[in-house]
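Written out below as structure tokens is the structure these notes cover.
The values are calculated or read from the model by the stated rules, or taken from the named source; none is laboratory data. Quick caveat: nothing in here was measured; it's all calculated off a predicted structure. Backbone-built Cβ (ideal geometry, glycine too); neighbour counts: all protein chains shown.
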Amino acid sequence: MRRQLFIDGGFVDAASGETRATLNPHDNSVIAEVAMAGTEDVARAVAAARRAFPAWSRRPAAERGRILLKLADLIEAGAESLAQLESLDTGHPIRDSRMLDVPRTAGCYRYFGGMADKFQGETIPVEAGFLNYTLREPVGVVGQVVPWNFPLMFTSWKMAPALAAGNTVVMKPAEITPLTSLKIGELMAEAGVPPGVVNILPGLGSVAGQALAEHPGVAKIAFTGSTATGRRIVQASAGNLKKVQLELGGKGANIVFEDAGLAAAVNGSAWAIFHNQGQACIAGSRLLLHEKIADAFLEKFIALASSIRLGNPLDDQTEMGPLTSAEHRDRVLGYVDVARSEGGELLAGGKAPGGALARGCYVEPTIVRAASPADRIAQEEVFGPFVTVLTFRDDEEALKIANGTDYGLGSGLWTSNLQRAHRFARELRAGMVWINSYKRVNPGSPFGGVGLSGYGREMGFDAMREYTQVKSVWVNV
Ligand code: TAP
């Protein structure tokens, strides 16, 4: 287990010597003391990344790609220990870490490894006598700040396209979940990533994250996390007019129409909200039910939610683990009080389990019927196993409720009416729409939102566009 900062190809202590305990959310025991980067460490890492940039950016794209492909192989070779580390640090059930987080992480590095030498400029038919073509150039040193809900996967979503495009990186994982990111630093070195190309700095957001966003040597900052922090990042990056990419919160509308296949909709809706304990920006956290099927749906949905096996994330049988920190558990439980004060009806859960799980950060799968779509529980991101139920009479009302928040990340619908499905795909205010499914992601498919959910896209060709700038070249022929 790596506990130090990864700077310029080696593991080092923080300049201040500061460390912080990272906890196992299953029982709040200490897993390790991890170095905490300060402003001086950020400056050192940015300097290393700046030194490494010229050689890395000029290296043939296929070579950069090969290194990422090698990294993907190394991740797969060490899959089980990475999965265990992720589950230990975050509380993800081990079956999810094994089947989703680790394979998706390897898949992301592999996708962008393959992309490196296929992303190209264009020739443009301009006036006679001139040849005009475009170059796609890396932006320089990229600062990346990720949250604690999917640390392994999110670092790959950010680092893979940045590196494929020829940038160098200073990555700040969340202070409470640094362990798999540091392991990736070690594997990067083993895969042949040269010193300084990637630097990984666990540290406080308000210190290391802020310093990265303010640093004049950083050309771009890419951030995933809360809308409040996103705003701070935009302000902090104004000094040198950094390119900014933001993937922020969401309040996904998951709409079930009267003609939906009920069993599939119930299963898909449970996945939409309860996977990763609901700690997902794209969680289907608002469940919009047509009034004709609401009772039948809820009967099955409540039964399914109540049957979810909570337990130690390292146990193969566990379907839902703890939330990632005690502070966050308390915040989520606070929304149960908010629901009560707003006249919401608690249909399931609403508390921390007792017994053996009482020492951990667990919350039971919670279903609440809101009195109004304007209520806080229907507007604010809870980011836990907490779903807000609303009912609607017709398509117009469904659309109005679905589009009635300031967020616009992911939304989904369940229907057998093809025309309605495509109409909603067009009219939903969201960066992603799922039809008769929910929460699908793939490294080839653009991921991001509109409104308070941020701007810019991860994944696919769009990610390569985000991590490059275009140069137009005119040749007098
Ligand atoms: P944030 O504060 O947004 O944390 C996300 C990342 O930003 C962490 O690495 C954090 O560092 C860092 N950060 C904090 N302040 C910063 C600053 N001034 N400058 C640069 N970086 C900074 O989220 P949180 O407090 O962990 O969670 C609060 C709520 O945000 C959640 O309940 C949820 O609603 C939302 N959230 C959304 C997402 C997604 S995927 N959209 C992910 C996480 C949280 P440290 O944590 O190390 O201090």
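General observations
- Considering residues of segment 183-200 that are hydrophobic (A, V, I, L, M, F, W, C) and surrounded by 24 or more Cβ atoms within 10 Å (Cβ to Cβ) only, the residue farthest from His328 (Cα to Cα): Val193
- Residue count, segment 220-250 (criterion: over 14 Å from the mean Cα position of the chain (by Cα), more than 9 Å from the ligand (Cβ to nearest atom) and either among the hydroxyl-bearing types (Ser, Thr, Tyr) or surrounded by 22 or more Cβ atoms within 10 Å (Cβ to Cβ) (or both)): 3
Conditions tested, residue by residue: (1) under 28 Å from Val441 (Cβ atoms); (2) aromatic (Phe, Trp, Tyr); (3) buried (at least 22 other Cβ atoms within 10 Å of the Cβ).
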| residue | (1), (2), (3) |
| --- | --- |
| Ala48 | no, no, yes |
| Ser87 | yes, no, yes |
| His92 | yes, no, yes |
| Phe154 | yes, yes, yes |
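- Comparison of Pro125, Pro194, Pro138 shows that the only residue that is free of Cβ contacts under 8 Å to residues at least 12 places away in the same chain and either more than 9 Å from the ligand (Cβ to nearest atom) or closer than 27 Å to Glu33 by Cα (or both) is Pro125.
- Selected residue [in contact (Cβ under 8 Å) with a residue 12 or more places away in the chain, more than 30 Å from Ala62 (Cβ to Cβ) and hydroxyl-bearing (Ser, Thr, Tyr)] from Thr155, Thr177, Thr168: Thr177
- Residue tally, condition under 24 Å from the mean Cα position of the chain (by Cα) and over 14 Å from Glu175 (Cβ atoms), over segment 28-41: 1
- Some residue of segment 160-179 being touching a His at 6+ places or on another chain (Cβ under 9 Å), closer than 18 Å to Glu247 by Cα, surrounded by fewer than 24 Cβ atoms within 10 Å (Cβ to Cβ) and modelled with pLDDT of 95 or more: no
- Helices (runs of 4 or more DSSP H) contained entirely in segment 306-424, each with at least 1 residues that are closer than 19 Å to Pro25 by Cβ: 326-341
- Exactly one residue among Phe447, Phe383, Phe392 is touching a residue at least 40 places away in the same chain (Cβ under 8 Å) and either basic (Lys, Arg) or more than 30 Å from Ser87 (Cβ to Cβ) (or both), and that residue is Phe392.
- Gln277 meets each of the listed conditions (1) without any contact (Cβ under 8 Å) to a residue 40 or more places away in the chain; (2) on the phi > 0 side of the Ramachandran plot; (3) within 16 Å of the ligand (Cβ to nearest atom) apart from (1).
- Filter result (away from the ligand (no atom under 16 Å from the Cβ) and more than 21 Å from Ser306 (Cβ to Cβ)) within segment 342-389: Glu342, Gly343, Arg359, Ala371, Ser372, Pro373, Ala374, Asp375
- Test result for Gly38, touching a Pro at 6+ places or on another chain (Cβ under 6 Å) and crowded, with 17+ Cβ neighbours inside 10 Å: no
- Residue match in segment 94-110 (condition: within 16 Å of the ligand (Cβ to nearest atom), closer than 30 Å to Val30 by Cα, touching a Ser or Thr at 6+ places or on another chain (Cβ under 9 Å) and in a loop (DSSP other than H, G, I, E, B)): no
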